[in-house]
Every structure is written in structure tokens, then in C-alpha cells.
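Remarks on the structure that follows.
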Amino acid sequence: MEQVLELSNAQFQTVYNVLSLALASMAATTVFLLAVTPRVLPRYRLALVVSAMVCFIAAYHYMRIFDSFSDAYIAVGAGTPGVQEVFQLVKGDGFNEGYRYVDWLLTVPLLLFETVAVLALPAAVRRGLLWKLIPASALMIILGYPGEITADITAKAIWGALSTIPFIYILYVLFVELSKAAKNQPNQVGKELNGLRWLLLATWGVYPISYAFPMIGLDGADSFVYRQIGYSIADVLAKCLYGLLIFKIARIKSMDDSPEFAEAEMKEAPSSKAGAAA
Ligand code: RET
């Protein structure tokens with residue numbers, strides 16, 4: 001595996017802090033999504049629980065990624081006058097990029113599952129969509145992995161191109177087939193679905209771009225740092241922000257489905273009434 005031998009102090013701190021930010025976001029979103037399940041109707045709770053699982057799995061992997069990164073480099077030259085402090089790769093296993101792919105292999109199919117689950121489509125339609133989306137997403141990640149860990153640019157381009165085939169297929173299913181399946185849904189659902197799909201496209205698109213950094217002439221430490229920032233920020237958007245949007249949709253749909261639920265949720269708390277009267 002290609003490993004960056006030396007990072008400047010600023011590069012090391014940037015990656016360190018971005019990984020820490022991602023870990024905190026994943027952990028906090030897990031707690032939030034589990035805590036708010038009573039705020040939606042039971043039929044939408046599965047989508048929220050699956051979204052919380054995605055964030056939990058990612059929080060675990062960010063812990064591993066964080067440890068792997070901070071153990072992989074050692075500060076050299078600190079405190080010596082006239083010598084710039086740098087972080088050098090320690091001999092050994094180095095930084096394990098594989099954790100990200102293990103994470104995606106689990107979380108990407110679950111993200112697609114929660115997208116379909118929150119729409120509450122008829123069971124046969126749901127099953128049909130998932131049978132296409134889930135195998136394609138696994139194939140996309142598996143084909144991307146050999147390209148990620150090779151230093152050979154040609155091999156990287158070939159695996160990247162192969163992985164892009166199932167990626168395009170997933171977009172086709174989401175933008176064409178899912179639209180057909182959701183045609184009979186109320187107007188509101190169509191709008192929500194559109195928002196979800198565009199967030200998905202905007203965030204998922206960051207992964208192949210980050211993967212391609214070494215292929216567009218960015219190399220060495222810069223490419224490594226940009227890739228870590230790209231993957232981490234995209235992960236926060238694709239999992240945490242996406243989870244919050246799933247919650248928002250589940251809540252709108254719950255209120256839409258049941259006027260009693262909407263009324264109960266909108267009622268002012270008795271204590272605030274008492275407070276206002278006082
Ligand atoms: C790879 C390899 C290069 C080609 C393509 C890729 C796509 C990766 C994607 C990953 C999505 C990950 C998500 C994780 C969050 O949980 C594998 C980088 C197309 C789309 C959504």
C-alpha cells in the first residue's frame with residue numbers, strides 16, 4: 001500500500017482534527033436518532049433505527065481510523081532549534097485505509113435500505129428496489145478497494161472505472177426506477193424524495209472525486225490530506241445530515257398520515273402554558 005512518509009505539522013493536525021470531528025458527529029447523531037424515535041409513527045421507526053446503526057458503525061470505524069492514524073506517525077525534530085517539526089511514518093503497518101472500505105461495505109447498503117424504508121412503499125416494490133440497490137452498492141465498494149490501496153495509477157483508473165459502473169446503475173435505479181415506483185405517492189412524498197436524492201448525489205459524488213486526487217496530479221502528502229478531508233466530510237454529510245433529513249421526512253409523513261399524532265405533537269406543553277399565564 002502506498003504510504004505517505006512524511007507530513008508537516010499542519011497536515012498532521014488537520015487530518016487528526018477532521019477525523020475527530022467525524023467521530024464526534026457520528027456518535028452524537030447516533031444518540032439523537034435513537035432518542036427521537038418516539039417522535040414519529042411506528043411504521044417509520046425502522047428507518048431511524050437503521051440510520052442510527054449507520055452512524056454507530058461509522059463512529060466505531062472512526063475510532064479505529066483515528067487510532068490507526070495517530071499510531072502511524074511520530075513527531076520528529078520537535079524542540080530542536082532551527083529544525084522544523086515533522087511527522088514521520090513509523091515502520092510497521094502504517095495507516096490502514098481499509099477501515100473506510102469495511103465501513104462503507106456495511107453502511108452504504110444500510111443507507112439505501114433506510115432511503116427505501118422511509119418512503120413506506122408497498123412491500124413488493126420495496127423488495128424489488130432493494131434487490132437491485134444492495135448488491136450493486138456492495139459491488140461498487142468491493143471493486144473500488146483494490147484501486148484505493150494500489151500506488152499504480154493505471155490500476156487505480158481501471159478499478160475506479162469498474163466501480164463506477166454499479167455507481168451509475170444505483171443512480172439510474174434511484175432517479176428513474178424509484179420515480180416510477182413513487183408515482184402514485186402523494187405530491188409531498190415526491191418532493192421529499194427529490195431532496196433526498198439530490199443530497200445523496202451531491203455527497204456520494206465526493207467519494208469518487210477524492211479517490212481520483214492522485215490521478216489528477218495531486219500526489220504525496222497533499223493528495224493524502226485532501227482525500228482524508230474529502231472522505232470524512234462526505235461521510236458526515238452522507239450519514240449524519242442524511243439521517244437528520246430521514247428524521248424530518250419521517251416526521252412530516254407521520255403528521256400527514258395521522259391527524260391525531262400531529263395534534264398531540266403540536267400541543268403546547270402544560271408547563272409553558274402555566275409559565276405564560278404567570
Ligand atoms: C469509489 C471508487 C472509485 C469509483 C467510485 C467509488 C464510489 C464510492 C462511493 C462511496 C459512498 C460511500 C458512502 C459512505 C457513507 O456512508 C469506491 C471511491 C464510484 C459512492 C455513501
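Return a yes/no flag: does segment 243-251 have any residue that is more than 22 Å from V102 (Cβ to Cβ) and of a type in the set (K, R).
Yes, the conditions are met somewhere in segment 243-251.
Taking segment 230-249 on its own, how many of its residues are closer than 20 Å to F56 by Cα, touching a residue at least 60 places away in the same chain (Cβ under 8 Å) and surrounded by 18 or more Cβ atoms within 10 Å (Cβ to Cβ)?
11
Given the conditions (1) of a type in the set (V, I, T); (2) under 23 Å from Y101 (Cα atoms); (3) more than 18 Å from the chain's Cα centre (by Cα), which single one is not true for V176?
(2)
How many residues, within segment 40-83, are in contact with a strand residue (DSSP E or B) (Cβ under 7 Å, 6 or more places away or on another chain) and not in a helix (DSSP H, G or I)?
Qualifying residue count, segment 40-83: 5.
Looking only at segment 85-99, decide whether some residue is within 16 Å of the ligand (Cβ to nearest atom) and either over 21 Å from Q11 (Cα atoms) or part of a helix (DSSP H, G or I) (or both).
Among the residues of segment 85-99, at least one is within 16 Å of the ligand (Cβ to nearest atom) and either over 21 Å from Q11 (Cα atoms) or part of a helix (DSSP H, G or I) (or both), which makes the answer yes.
Pick out, from segment 121-184, the helices (runs of 4 or more DSSP H) lying fully within it that include 2 or more residues that are free of Cβ contacts under 8 Å to residues at least 60 places away in the same chain and away from the ligand (no atom under 15 Å from the Cβ).
123-148, 178-181
Against the condition touching a residue at least 60 places away in the same chain (Cβ under 8 Å), part of a helix (DSSP H, G or I), crowded, with 19+ Cβ neighbours inside 10 Å and hydroxyl-bearing (S, T, Y), how does T107 come out, does it pass?
yes
Within segment 196-222, can you find the residues that are more than 19 Å from I149 (Cβ to Cβ), outside any helix (DSSP H, G or I) and more than 13 Å from the ligand (Cβ to nearest atom)?
Residue satisfying the conditions is G217 alone.
No lab work stands behind these numbers, since they all come straight from the coordinates. These numbers were taken from a predicted model, which means no experiment stands behind them. A quick note on method: Cβ atoms are made from the backbone with ideal geometry, for glycine too, and the neighbour counts reach across all protein chains shown.
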